[in-house]
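Reading through the structure tokens given below for one structure.
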Amino acid sequence: QVRLVVETLSYGFSIYDTSMIDLMVKLSPLSDFTVNHVCLGDSSHFVNLTDSNGTRSVNTRWTFSDQGNGGKDTSSLLNPVYRYQSAGYHQVKLVSRNQFGCSDTAIKAYRIFRLPDAQFTAPPLACERYELAFQDQSKPGDTTIAEWRWCFSNPENPVDTIQGDENVWNRYDSAGSYRVGLKVDDLFGCTDTTSTLVNVLPSPVAAFTVTDNYQGMAGKIRCNNQSTDSITSYRWTFEAGKFSQDKNPVYLYADDGSHTIQLVVKATNGCLDTTWSVYEFMYDNLFVPNAFSPTTLSRNAEVRKFTPKGVNLSQYHVMVFNKWGHLL
């Protein structure tokens, strides 16, 4: 009951009047809902948690505040599924109405996570049998990128997905075109994928043999190039700082021992190949004096004895003849 009492003063007297009405207060619903935050491109599943308060619901109206959907951001379903067109925070409004015409409104801020942007660089020149570097250039969305998954479409390794490495290396043993893909995942579970086609070129094959004692000289060699065709340049390394760009170079070693000969060849397509060979040799010379002075008056001790000397010789045998050719 609602009572209204009105009082006025007339000629010194108070005059009252009273009016009463019966006011019926009807029950209203209590609007509420929940939804999980998702990544852009995923569907949002809204769960209606409205308490009807003992009444019958007759109308439900959702407004998702999606500016990028051209006004098509409403629903009258009880538990709608909606896909947002833009990332960021959105004010979601739920209006519930019962059979008495009473309504209640619930408004909550809902976030759509921005996706990471998957990007990577491939080597500008890809050659077979070489380790190729692939470097991640991805940009994060709303949080840090946590995982990288690479796929190289390698026929020699069907299960070629590498997980957990930001920058990776991969080798192709055969020339051809290969689709390289990268998928990144951030801490919110948002993902993005990109791929590119890598053309792997055929590599040359470097090869050579060595002819030692070339032209009858110890330590002198000739390198006989046996590399594949389509070679545009050669680079030989014989010792530190000793190079040659000849196809079949000749080189003279001053010291005996083990020497590593390296050959790097470059093909017309820009691909390289490298090979090595170890060349070992020892000087073997014998020096025999043609005179000696065994007297004690000689100042030079070297000439007091008839002593042949050798280089890298384990043993030798000496025979002495007189001027008539008789063995002494």
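Restricting the stretch 157-182 to residues that are at pLDDT 90 or above and among the aliphatic types (A, V, I, L, M) leaves a set whose member that is most open to solvent (accessible area, probe 1.4 Å) is 175. Search the stretch 14-30 for residues that are more than 30 Å from residue 96 (Cα to Cα) and pair each with any residue that is hydroxyl-bearing (Ser, Thr, Tyr) when their beta-carbon atoms are under 9 Å apart and the residues are at least 6 apart or on different chains. Filtered contacts from the stretch 14-30: 14/8; 15/8; 16/8; 17/8. Tell me, which residue of the stretch 265-287 that is outside any loop (DSSP other than H, G, I, E, B) and loosely packed, with under 15 Cβ neighbours inside 10 Å is modelled with the lowest pLDDT? Among them, the one singled out is 285.
Identify, please: which residue in the stretch 288-321 is touching a Leu at 6+ places or on another chain (Cβ under 9 Å) and open to solvent by 80 Å² or more (accessible area, probe 1.4 Å) and is, among those, farthest from residue 239 (Cα to Cα)? Taking the candidates together, the pick is 321. Every condition in (1) under 30 Å from residue 114 (Cβ atoms); (2) hydroxyl-bearing (Ser, Thr, Tyr); (3) not in a strand (DSSP E or B) holds for residue 44 except the one numbered (3).
Restricted to the stretch 1-36, and to residues there that are open to solvent by less than 100 Å² (accessible area, probe 1.4 Å) and within 60 Å of the chain's Cα centre (by Cα), the residue that is farthest from residue 187 (Cα to Cα) is 28.
For the stretch 95-132, taking the residues that are in a loop (DSSP other than H, G, I, E, B) and of a type in the set (Phe, Trp, Tyr), the one that is nearest to residue 194 (Cα to Cα) is identified as 130.
Quick one: is residue 232 open to solvent by 50 Å² or more (accessible area, probe 1.4 Å), modelled with pLDDT of 90 or more and among the polar types (S, T, N, Q)? The answer is yes for residue 232. If you go through the stretch 31-51 and pick out every residue that is within 17 Å of residue 83 (Cβ to Cβ), among the acidic types (Asp, Glu) and either free of Cβ contacts under 8 Å to residues at least 40 places away in the same chain or in contact with an Asp or Glu (Cβ under 9 Å, 6 or more places away or on another chain) (or both), you end up with 0. Scanning the stretch 1-37 for residues that are touching a Lys or Arg at 6+ places or on another chain (Cβ under 6 Å) and part of a loop (DSSP other than H, G, I, E, B) yields one hit, 37.
Among all positions in the stretch 235-246, there is no residue which is over 25 Å from residue 128 (Cα atoms), among the polar types (S, T, N, Q) and open to solvent by 50 Å² or more (accessible area, probe 1.4 Å). The residue that is farthest from residue 269 (Cα to Cα), among those in the stretch 211-221 that are in contact with a strand residue (DSSP E or B) (Cβ under 8 Å, 6 or more places away or on another chain) and exposed (fewer than 15 other Cβ atoms within 10 Å of the Cβ), is 217.
Residue-level check: of (1) open to solvent by less than 60 Å² (accessible area, probe 1.4 Å); (2) farther than 30 Å from residue 170 by Cβ, residue 123 misses just (2).
The values are calculated or read from the model by the stated rules, or taken from the named source; none is laboratory data. The model shown is predicted, which means the values in this text are computed figures rather than measured ones. Every residue, glycine among them, receives a Cβ derived from its backbone with ideal geometry; neighbour counts consider all protein chains shown. Surface accessibility is based on the protein's heavy atoms, side chains included, excluding ligands, DNA and RNA. Shrake-Rupley method; radii C 1.70, N 1.55, O 1.52, S 1.80 Å.
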